[in-house]
Amino acid sequence: WRYADALPFETGRTGPVDPENPAGVSLPEGDTPLYEVPGIEADLGLDRLRVKHEGMNPTGSFKDRGMTVGVGAAAAVGVDRLACASTGNTSAALAAYGARADLETLVLLPAGKVAAGKVAQAAIHDARILEVDGNFDDCLDIVQELANRGEAYLLNSLNPFRLEGQKTIGLEILERFRDEEGGFPDRIVLPVGNAGNTAALYKCFRELVQAGALARADVPKLTGVQAAGAAPFVEAIESGAEGVERWDHVETRATAIRIGEPVNAPKALPGVRETGGTAVAVTDEQITEAQRELAREGIGVEPASAASIAGLRELRERGEIDADERVVCLTTGHLLKDPEAATAASDDPEPVGNDVDAVLELVGE
Ligand code: F0G
């Protein structure tokens, strides 16, 4: 809400919404760290690499930035029921902000395909959770129809207020870079699911250019990364198609971006193309390796987030990114969102006898 001038409401709130003054509901969100990652930077042979960790938001993902504006808008309109489809993080954020605003919240999840931490968040914040025998795209079809029938207020990233809030990621990156590096990043690499963040960043940059605050030549190249098993956006970029074709069958360990139809593609494809960016697909193995690389630098992210680092490595190896480019990778969600993925990517704990000699025998003196 420090960037309220760029948002539809004037101030953030820290408590239940006052109907007479329905500004955003705030926990508060944003102001996430921009980490140095010297190990990965050197390994990739880049002069300047930073990681913006959106997992450090109140519910552990960037969704909070969108929800503070979106739920504020819902309260302003005076709706009875908030709803979203979700691969997990949107539902966690909506449940928390819905609770804060004291509004009824309904979330539709693809059964068996949402990480445990996210379901737990939605549950404890008291959302009504419905598990659908289908994928995320099926859930979103249903929620859109509920909204069309006037039965719920939709808080997926099709809601433009969500994207307004997510613009602040771009504002924070540009401001920090200007203050600390004396310039702007050449490229921002981010995971793509519904392409909401890609669309939001593009809108942020367009508005800054229009306002005369950012030169067109300084706009960072938007570079999207998808999992190879769910890559309709990459397919559209590579083929030069005008829109994306929905993939009916999607699969990836990065369940947050297990999405067959990026609904913000009409807003995001021009963003990638007009900023001179690109899009790339990475395997689940590349994603897991990137998750471990970040962990070795002390940064804990969920698999979908690690896709940004995996995609950057892939593009470096293909020779598509020069060593002197200043790059920011966006990591979108916290490690603890998906404890099972973290456990699967790591060595098992070792059982040991209940005495010091047994411990020393294992670890060495
Ligand atoms: N990373 C994480 C951790 C996410 O949860 C999501 C989307 C994305 C990236 C993709 O972002 O849609 O802006 O391209 N998660 C949604 C959800 C779909 O339901 O939580 P996008």
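The values are calculated or read from the model by the stated rules, or taken from the named source; none is laboratory data. Predicted model only: the values in this text are computed from it and were never measured. Note that each Cβ is placed from the backbone with ideal geometry, even for glycine, and that neighbours are counted across all protein chains shown.
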*asked:* All but one of (1) under 21 Å from residue 119 (Cα atoms); (2) more than 16 Å from the ligand (Cβ to nearest atom); (3) under 21 Å from the mean Cα position of the chain (by Cα) hold for residue 344; state the number of the condition that does not hold.
replied: (3)
*Any residue at all in the stretch 128-150 that is under 22 Å from the mean Cα position of the chain (by Cα) and more than 15 Å from the ligand (Cβ to nearest atom)?*
no
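The rows are residues; the columns are (1) under 18 Å from the mean Cα position of the chain (by Cα); (2) part of a loop (DSSP other than H, G, I, E, B); (3) not assigned by TED's automatic domain parsing to the domain that holds residue 120.
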position	(1), (2), (3)
237	no, no, yes
269	yes, no, yes
294	yes, no, yes
309	yes, no, yes
323	no, yes, yes
*Residues being of a type outside the set (A, V, I, L, M), farther than 15 Å from residue 255 by Cβ and surrounded by 15 or more Cβ atoms within 10 Å (Cβ to Cβ): count how many of those fall in the stretch 107-137.*
1
*Test for residue 168: is it within 16 Å of the ligand (Cβ to nearest atom), over 19 Å from residue 265 (Cα atoms), crowded, with 24+ Cβ neighbours inside 10 Å and modelled with pLDDT of 95 or more*: yes
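Answer yes or no: is there a residue in the stretch 261-272 that is modelled with pLDDT of 95 or more, closer than 26 Å to residue 323 by Cβ, touching a Phe, Trp or Tyr at 6+ places or on another chain (Cβ under 7 Å) and away from the ligand (no atom under 16 Å from the Cβ). First the steps, then the outcome.
The first filter runs over the stretch 261-272 and keeps only residues modelled with pLDDT of 95 or more, leaving 261-272.
Retained after the next criterion (residues that are closer than 26 Å to residue 323 by Cβ): 271-272.
From the residues that got through so far, the ones that are touching a Phe, Trp or Tyr at 6+ places or on another chain (Cβ under 7 Å) too are 271.
Restricting the remaining residues to those that are away from the ligand (no atom under 16 Å from the Cβ) gives none.
So far as the stretch 261-272 goes, no, none of its residues is modelled with pLDDT of 95 or more, closer than 26 Å to residue 323 by Cβ, touching a Phe, Trp or Tyr at 6+ places or on another chain (Cβ under 7 Å) and away from the ligand (no atom under 16 Å from the Cβ).
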*Say we look at the stretch 201-223 and pick out the residues that are free of Cβ contacts under 8 Å to residues at least 60 places away in the same chain and in contact with a Ser or Thr (Cβ under 8 Å, 6 or more places away or on another chain); which of these is farthest from the ligand (Cβ to nearest atom)?*
219
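Rundown of residues vs (1) free of Cβ contacts under 8 Å to residues at least 12 places away in the same chain; (2) in the same structural domain as residue 73 (by TED's automatic domain parsing); (3) touching a Lys or Arg at 6+ places or on another chain (Cβ under 9 Å); (4) closer than 27 Å to residue 34 by Cα, yes/no style:
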site: 134; (1), (2), (3), (4): no, yes, no, no
site: 148; (1), (2), (3), (4): yes, yes, no, no
site: 166; (1), (2), (3), (4): no, no, yes, yes
site: 169; (1), (2), (3), (4): no, no, yes, yes
site: 176; (1), (2), (3), (4): no, no, yes, yes
site: 179; (1), (2), (3), (4): yes, no, no, yes
site: 182; (1), (2), (3), (4): yes, no, no, yes
site: 185; (1), (2), (3), (4): no, no, yes, yes
*Across the stretch 279-308, what is the number of residues that are in contact with a helix residue (DSSP H, G or I) (Cβ under 6 Å, 6 or more places away or on another chain) and over 12 Å from residue 53 (Cα atoms)?*
13
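Of everything in the stretch 27-42, what is part of a helix (DSSP H, G or I) and in contact with a helix residue (DSSP H, G or I) (Cβ under 8 Å, 6 or more places away or on another chain)? Give them in sequence order. Explain how you work it out, then say what you get.
Residues of the stretch 27-42 that are part of a helix (DSSP H, G or I), as a first pass: 38-42.
Those that are part of a helix (DSSP H, G or I) and in contact with a helix residue (DSSP H, G or I) (Cβ under 8 Å, 6 or more places away or on another chain): 39, 40.
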*For residue 174, which of the numbered conditions (1) away from the ligand (no atom under 14 Å from the Cβ); (2) crowded, with 20+ Cβ neighbours inside 10 Å; (3) over 20 Å from residue 3 (Cα atoms); (4) at pLDDT 95 or above fails to hold?*
(3)
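Does the stretch 312-328 contain any residue that is at pLDDT 95 or above and within 14 Å of the ligand (Cβ to nearest atom)? Walk me through how you get there before you give the answer.
The first filter runs over the stretch 312-328 and keeps only residues at pLDDT 95 or above, leaving 312-328.
Adding the requirement that they be within 14 Å of the ligand (Cβ to nearest atom) leaves none.
Checking the stretch 312-328: not a single residue is at pLDDT 95 or above and within 14 Å of the ligand (Cβ to nearest atom).
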_Filter the stretch 333-354 down to the residues that are under 18 Å from residue 190 (Cα atoms) and either in contact with a His (Cβ under 9 Å, 6 or more places away or on another chain) or of a type in the set (Gly, Ala, Ser) (or both) and list them by number._
333, 334
*Does the stretch 235-243 contain at least one residue that is within 15 Å of the ligand (Cβ to nearest atom) and buried (at least 20 other Cβ atoms within 10 Å of the Cβ)?*
yes
